[in-house]
Amino acid sequence: MTDRIEAAGPFAGRLVAWQRLHGRHDLPWQQTADPYRVWLSEVMLQQTQVVTVLGYFDRFLQRFPDVFSLADAPPDDVLALWSGLGYYSRARNLHRCAQVIVNRYGGTFPSDVASLQALPGIGPSTAAAIAAFCFSQRVTIFDGNVKRVVARYTGFADDLSVRANELSLLAHANALLPPPDRQVDMPAYTQGLMDLGATLCTRHQPRCQVCPLQQDCLANLTQRQQALPCKTKRLVRKTQDWFVLIAIRPDGAVWLMRRPPTGIWASLYAFPVAASLGTLLAQARLQDGEKVSHLPSFTHSLTHLDMVIRPVCVAVQPGWSFPTDDQPAHGGEWVQPGGELSLGVPVPVKRLMAGLASGVERGSRV
Ligand code: SF4
C-alpha cells in the first residue's frame, strides 16, 4: 500500500474553511487564547467526554480563576473539586504545574512546546494545543482523533503500535500544517482537526459524503476507512475484586480513610478496601455475621482495569475506628453521607455515598 506526504495546501485550507463554517465554536474554552483556560480544558478532556467536562470546567474556574489562585490552593481543595472526573493524577499534576508556572515563570505560561512539555502533567498533545491555540505556533497536536484523520487522509497503513511508525505518521501530519505565511490559521486549523475527528471522521462510521477532505482522502478513494489507522496491539484488560467496607455509626456517619500517596485513588478519601471479604473483615476486626449486609456490586472501569466494587455495610459502635496496624495509617474521617463533601473521593465512593444519602441502599440498589 502506498501513502503520501503532501505539501500543505488543500488539506489545511479546506480544513480551516470547514472549521469556520461547520466546526464547534460554542465550548467555553474555545472563546479564549488564555493559556490557563486552554490548559485546564485540555487536561480535563484527557480521558473524559466534553459533556462531563463542561460542569467541572465552570466550577473549577469559579474557585480558581487564574494560575495564582490554583497554585495557592491546598492540594485537598483541588482534589475535592476534581472528585468524579477520575484519573486523579491529572489534578495533582495540575496543582504542581500551577506552582511551577508561578514560581519559575512569574505566572506567565511559556509559549514554546519544549518548555511547556517540561512542566508537570503536560504531554506532547497538551503542549501542542497550548502553543497552537494561544500562540499560533505551527505544531501538530497528535491525539487519537488527529492520528485517525491523518492516517486515513494520507493512506498511512503501517502499524501504529510501533513507535517508529507513529513518528512517521507525525511527519505526515507536520507536512500538512498551514504554511508559515498562514500561521495565523493555526487555532482554526487545530480546532478543525479535532472537530473533524470527533464529528465526521469517527472510528466506526465516518461521514465521508459530507467531509471537506473527501475528494483526495486516500482512505475514502480506496474505501479503506475501516482498515485505517492500523494498530495491532490492544490493551490487555484485567478484572479485580474490590471489597469495600461501609462502616456506619449509629448517627449515620461513615468512615472514609485517606489512600496511600501512590497507586489507584492515590491520596483520595475512600472506604477501607481489600481484595477479599475475609481480609477486609479481619483488617477491620469484624466477623462475617448478621451485622454485615451486602450491597449490589457494580463495575468501575479504568483504562486497563475493570474494578468490581463489592460493598458491604456494617453497623459499628460509636467508639469503633478502623485499625491501622496492618497497613500504613493515612488518617480518616467520619462523614455524613448527605453532607457537602469537602474531601476528594473517587467516583465509586461518590456513588455509594449518594446511595447512602438517598436511603436507596436499604432497597436493592445503590
Ligand atoms: S473523507 Fe472520510 S475517511 Fe477521509 S478524512 Fe473525511 S471522513 Fe475521514
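The values are calculated or read from the model by the stated rules, or taken from the named source; none is laboratory data. This one's a predicted model, so the numbers in the text were calculated from it and none came from an experiment. Because the Cβ atoms are built from the backbone with ideal geometry, glycine has one as well, and the counts that use them run over all protein chains shown. The accessibility values were calculated without ligands, DNA or RNA, using every heavy atom of the protein model including side chains. Shrake-Rupley method; radii C 1.70, N 1.55, O 1.52, S 1.80 Å.
A few points about this structure:
- Per-residue HN-Hα couplings for segment 233-238 [Karplus 6.51, -1.76, 1.60; θ = phi - 60°; Hz; x = Gly/Pro]: 8, 9, 4, 8, 8, 10
- Rounded to whole numbers, the Karplus 3J(HN,Hα) couplings from phi for segment 269-276 are 9, 8, 5, x, 10, 7, 7, 9 Hz, using 6.51 cos²θ - 1.76 cosθ + 1.60 with θ = phi - 60°, and x at Gly and Pro.
- In degrees, nearest ten, helix 186-199 long axis to first principal axis of the chain (Cα): 60
- Three-way shape label, the chain, alpha-carbon gyration tensor, a/c 1.5: prolate
- Computed lengthening from Arg96 to Ser161, 0.36 nm per intervening residue step minus Cα-Cα distance: 20.3 nm
- Counting only protein heavy atoms and using a 1.4 Å probe, the accessible area of Tyr87 comes to about 80 Å².
- Amide H contacts of Asp241 (H built 1.01 Å from N, in plane; Pro and chain starts excluded): Val308 sit under 5 Å, all sequence-distant by 5 or more or on other chains.
- Built amide H within the under 5 Å cut-off of Leu302, gap 5+: Met307
- Candidates Phe142, Phe133, Phe64, ranked by Gaussian network fluctuation over the chain, Cα under 10 Å, top entry: Phe64
- Each Cα pair under 8 Å and six or more residues apart adds its sequence gap; the mean of these over the residue count of the chain is a relative contact order of 18 percent.
- Accessible surface ranking for Asp251, Asp195, Asp112, 1.4 angstrom probe, highest first: Asp251, Asp112, Asp195.
- Axis angle, to the nearest 10 degrees, between helix 50-63 and the longest C-alpha principal axis of the chain: 70 degrees.
- Dipole in debye (nearest 20) - segment 10-227, about Cα centre, beta carbon charges: Lys, Arg +1; Asp, Glu -1: 400
- Label-to-label distance, Asp58 versus Arg224, with points set 7 angstrom from Cα along the beta-carbon direction: 4.6 nm.
- Taking the charge dipole of segment 20-91 about its Cα centre, with +1 at Lys and Arg Cβ atoms and -1 at Asp and Glu Cβ atoms, the residue from Val50, Ala33, Pro75 reaching farthest to the positive side is Val50.
- Placing R0 at 56 angstrom, the Cβ-Cβ distance between Leu170 and Trp320 gives a FRET efficiency of 0.50 after rounding to 0.05.
- Gain in span if fully extended, Arg24 to Arg249, counting 0.36 nm per residue against the direct Cα distance: 76.0 nm
- Counting DSSP beta bridges with both ends in the chain, the antiparallel % (nearest 5): 60
- Here the contact order of segment 238-362, divided by its residue count and restricted to Cα pairs under 8 Å and six or more residues apart, works out to 34 percent.
- Taking label positions 7 Å along the Cα-Cβ direction at both Gln215 and Lys231, the computed distance is 3.2 nm, reported to one decimal.
- Folded to 0 to 90 degrees: helix 347-358 orientation relative to the chain principal axis, Cα: 50
- For the residues Asp34, Asp26, Asp77, a GNM of the chain with alpha-carbon springs under 10 Å puts the largest fluctuation on Asp26.
- Set of lysines with alpha-carbon distance to Lys233 below 26 Å, sequence-local pairs under 8 removed: Lys147
- The phi-based Karplus calculation (6.51 cos²θ - 1.76 cosθ + 1.60; θ = phi - 60°) puts the 3J(HN,Hα) values of segment 175-184 at 5, 8, 4, x, x, x, 6, 10, 4, 4 Hz, whole numbers, x for Gly and Pro.
- Most fluctuating residue given options Ala275, Ala80, Ala91, as computed from a GNM of the chain linking Cα atoms under 10 Å: Ala275
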